[in-house]
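In what follows, a single structure is set out as structure tokens and then discussed.
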2 protein chains.
Amino acid sequence: MNPKVGRKLSNHNVIKVNLQDRSYPITIGSALLSDDFNSDKWIQGKDCLIVTNETVAPLYLDVMKSNIDDKTIEVITIKDGEHYKTIDTWSKIIDKLTAMRANRDTTIIALGGGVLGDIAGFAAATFMRGLPFIQVPTTLLAQVDSSVGGKTGVNHKDGKNLIGSFYQPTMVISDIDVLSTLPDREYKCGLAEIIKYGAIYDVDFFAWLENNMSDLLIRAPKKLIYAISRSCQIKANIVGEDEFELGKRAILNFGHTFGHALENIMGYGELLHGEAVAIGMIIASKLSPINSVEHNRLISLIKSANLPHKIELNDKNQMLDVMKTDKKVKNKKLRFVLLRSLGEAFIEEDLSENEILDAINNPFS
Amino acid sequence: MNPKVGRKLSNHNVIKVNLQDRSYPITIGSALLSDDFNSDKWIQGKDCLIVTNETVAPLYLDVMKSNIDDKTIEVITIKDGEHYKTIDTWSKIIDKLTAMRANRDTTIIALGGGVLGDIAGFAAATFMRGLPFIQVPTTLLAQVDSSVGGKTGVNHKDGKNLIGSFYQPTMVISDIDVLSTLPDREYKCGLAEIIKYGAIYDVDFFAWLENNMSDLLIRAPKKLIYAISRSCQIKANIVGEDEFELGKRAILNFGHTFGHALENIMGYGELLHGEAVAIGMIIASKLSPINSVEHNRLISLIKSANLPHKIELNDKNQMLDVMKTDKKVKNKKLRFVLLRSLGEAFIEEDLSENEILDAINNPFS
């Protein structure tokens with residue numbers, strides 16, 4: 001008797017993430033939550049727990065709940081921000097699940113950005129050895145990044161993301177309508193990751209971004225759906241080859257080694273992740289064996305997205321020290337993702353400290 | 001320059017657990033720790049963390065450490081017992097890993113029984129999204145049960161094993177020599193699980209157990225290696241068909257629904273897990289559509305292992321109430337693993353409360 005059953009989704013793409021028995025679909029489109037959320041199909045058991053945060057809940061919790069039919073819905077609203085990505089918050093979600101007498105058919109729905117998805121996903125991964133898990137990312141960054149790859153977890157006082165699992169969602173629903181309320185600065189952080197996908201994997205997509213950045217900046221729906229879909233497809237291809245990050249998947253960290261160091265030095269929150277990655281990509285590109293035309297195209301695209309492209313540090317050498325303590329430093333050797341050309345990345349371990357320092361200090365020359 | 005490299009293991013079996021990209025070997029034999037622990041082959045990275053407990057450490061930690069060559073060895077010794085299978089203990093292991101600056105190549109070695117393996121495995125599953133994990137089970141029960149299947153986790157105040165992951169070890173090393181110090185009561189708990197494998201899956205193995213139980217009771221090495229190997233192979237076959245316990249794997253719970261209820265009523269520790277399962281198997285067999293000859297063979301085999309086969313309860317109806325709150329009660333329906341014949345199990349959901357109560361009260365008739 002549900003009038004929504006069988007209704008066609010309008011204006012959407014479906015990307016399949018192929019990971020053997022852990023494969024799942026990502027649906028990207030508009031009006032997915034408000035109109036077409038087909039809960040009968042998507043939620044297998046009788047009950048679900050929506051995990052959301054104080055920022056997202058007032059905006060989208062009601063619409064999400066109103067479109068889940070014939071299920072028992074429980075909600076837990078956590079505080080917003082990286083600062084709350086802790087064992088303590090995870091533990092609260094676990095307590096909520098035991099209090100509602102959740103069983104292995106209880107679906108966890110993560111309604112929020114990347115941090116929220118990481119915590120909720122870790123709860124899904126670790127309650128009764130794994131619950132069905134639907135991600136509904138509400139930031140552009142989460143839609144193009146954390147929605148693919150199954151990384152879940154929380155921070156430890158000694159480091160970010162030290163605690164976590166690889167755990168794939170049952171499905172991801174990326175509704176671009178929810179991006180309308182996303183602050184501009186956060187939206188642009190998503191654009192930085194989108195630019196990254198073009199740079200490391202697909203020069204045609206990179207060129208498409210050069211031609212369409214102005215439309216993306218005004219969040220034009222069709223262009224946005226295409227950019228998210230292509231980004232997810234690229235990440236899905238890479239993750240499909242290396243689910244557990246033993247090799248190729250590392251190219252997704254293009255710009256991130258420098259970016260993390262910048263975030264660390266500036267203090268988390270001061271410089272947003274995507275902003276730090278944008279600057280990091282320019283430094284990494286400078287270190288790369290690409291020609292100056294391509295290097296300048298990357299700088300121009302980042303500038304055209306209104307992303308920061310440089311930063312004033314009192315002591316740029318500090319970045320090198322910070323990078324040496326980064327967890328991605330395997331066996332103490334500094335590893336960088338560099339570009340062979342636009343659209344092709346590789347891992348480089350044999351760089352001298354002088355080369356690295358030169359790129360940090362003169363990224364534009 | 002390591003004299004052990006290339007040395008042949010003597011008197012051992014290797015069982016392969018086939019789980020796609022998560023497959024691993026179980027080596028079962030004697031003198032595996034004292035003589036042949038080939039750490040160069042088994043530990044990939046430069047360092048390892050041995051997780052052990054206060055009971056096992058004085059017995060086997062030194063021999064294990066002395067046979068790990070050219071690696072940095074760290075040790076954490078936790079308290080022994082189900083009571084310490086908590087988030088707090090898990091958290092201590094995580095803190096130890098961050099303190100030793102563990103990376104993704106750091107191997108966790110669990111040296112202990114099932115509880116220890118569960119906690120250490122959960123730490124391995126959740127640190128940096130998964131570390132290499134070697135299980136060295138030191139009880140018969142752990143060697144035949146928790147060494148196959150990848151169940152890891154800790155208890156929550158609201159229930160046992162509510163928190164955990166499926167996480168497969170890199171390998172399992174079951175040295176029967178360590179069983180020489182195992183208390184008799186705990187040893188027999190392992191025999192109860194071994195009997196279970198024959199009953200649910202392999203009537204020939206069941207018959208072999210009938211003929212060899214006296215040798216197993218005196219821990220005769222060759223017989224023991226065979227019994228452990230066959231048990232692991234049976235469990236590996238079942239788990240290989242249903243890694244995430246969505247269907248067939250449930251037959252491994254033969255005797256466990258009643259067993260858990262008994263443990264719960266008696267108080268954990270009063271009746272050991274294997275003892276409760278032994279009694280539970282007899283009740284489940286009574287409920288089963290097998291003939292009385294086979295039912296009596298099961299009772300006789302359990303008696304011949306000197307396992308308890310009955311228990312005095314003031315109110316046996318209490319068992320039914322407890323079972324209704326057990327987490328394995330899917331959608332509130334009581335599910336039982338029954339025997340179609342010795343060697344063949346099935347799941348039954350349509351039993352009346354009267355039938356269940358009758359079996360509890362008259363398991364031998």
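No value in this document is a laboratory result; all are computed from the given coordinates. Just so you know, these numbers come straight off a predicted model, no measurement behind them. Counting neighbours? That spans all protein chains shown, and the Cβs are built from the backbone with ideal geometry, glycine included.
Here is how the numbers come out for the structure above:
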read-out	value
Nm distances between copies for A:D70, ranked from closest, using label points 7 Å along Cα→Cβ	6.3
More than 26 angstrom apart: percent of Cα pairs within chain B	49
Cα centre as origin, Lys/Arg/Asp/Glu Cβ charges: chain A dipole, Debye	580
Relative contact order (%) - chain A, alpha-carbon pairs under 8 angstrom, separation at least six	15
Stretchable slack from A:N361 to A:D321, in nm (0.36 nm times residue separation minus alpha-carbon distance)	12.9 nm
In degrees, nearest ten, helix A:114-126 long axis to first principal axis of chain A (Cα)	60
Charge dipole (the stretch A:108-237, unit charges on Cβ, about Cα centre) - positive-most of A:S146, A:Q168, A:A236	A:Q168
Label-point separation in nm, B:V293 to B:R185, each point 7 Å along Cα→Cβ	3.8
Computed FRET value (nearest 0.05) for A:A220 with A:R101, which takes r as the C-beta separation and R₀ as 56 Å	0.75
Other-copy label distances relative to B:G159, 7 angstrom Cα-Cβ extension, nm	3.4
Residue among B:A125, B:A305, B:A207 with the largest mean-square fluctuation in a Gaussian network model of chain B, springs linking Cα atoms under 10 Å	B:A207
Inter-copy separations for A:N11, label at 7 Å along Cα-Cβ, nm, ascending	7.5
Förster radius 41 Å - calculated FRET efficiency between A:N67 and A:S304 (Cβ-Cβ, nearest 0.05)	0.65
Fraction of beta bridges assigned by DSSP in the stretch A:72-182 that are antiparallel (%, nearest 5)	40
Normalised alpha carbon radius of gyration of the stretch B:72-166 [divisor 2.2 N^0.38 Å]	0.99
Other-chain or far-sequence residues with amide H under 5 Å of B:T138's (modelled H)	B:G112, B:G113
Computed magnitude of the charge dipole of the protein assembly as shown (debye, nearest 20; Cβ of K, R +1, Cβ of D, E -1)	520
Selection from A:L320, A:L357, A:N211 lying farthest towards where the dipole of the stretch A:211-365 points positive, charges on Cβ	A:N211
Along principal axes, Cα extents of the protein assembly as shown, largest first, whole Å	85, 74, 35
Candidates B:D88, B:D62, B:D21: whichever shows maximal mean-square fluctuation once chain B is modelled as a Gaussian network with Cα springs under 10 Å	B:D21
More than 25 angstrom apart: percent of Cα pairs within the stretch A:200-338	31
Value of [θ]222 nm, deg cm²/dmol, for chain B, DSSP H segments ≥ 4, -39500 (n - 2.57) each, nearest 500	-12500 deg cm²/dmol
Check: the stretch B:12-180 dipole with +1 on Lys, Arg Cβ and -1 on Asp, Glu Cβ, in debye	600
Max mean-square fluctuation residue, GNM over chain B, Cα-Cα springs under 10 Å, options B:L217, B:L59, B:L32	B:L59
Alpha-carbon Rg/Rh ratio, for the stretch B:12-180, with Rh computed the Kirkwood way	0.93
Proxy reagent accessibility, fewest Cβ within 10 Å first, across A:S341, A:S146	A:S341, A:S146
Ranked A:E349, A:E355, B:E348, criterion: other C-beta atoms within 10 Å, fewest first	A:E349, A:E355, B:E348
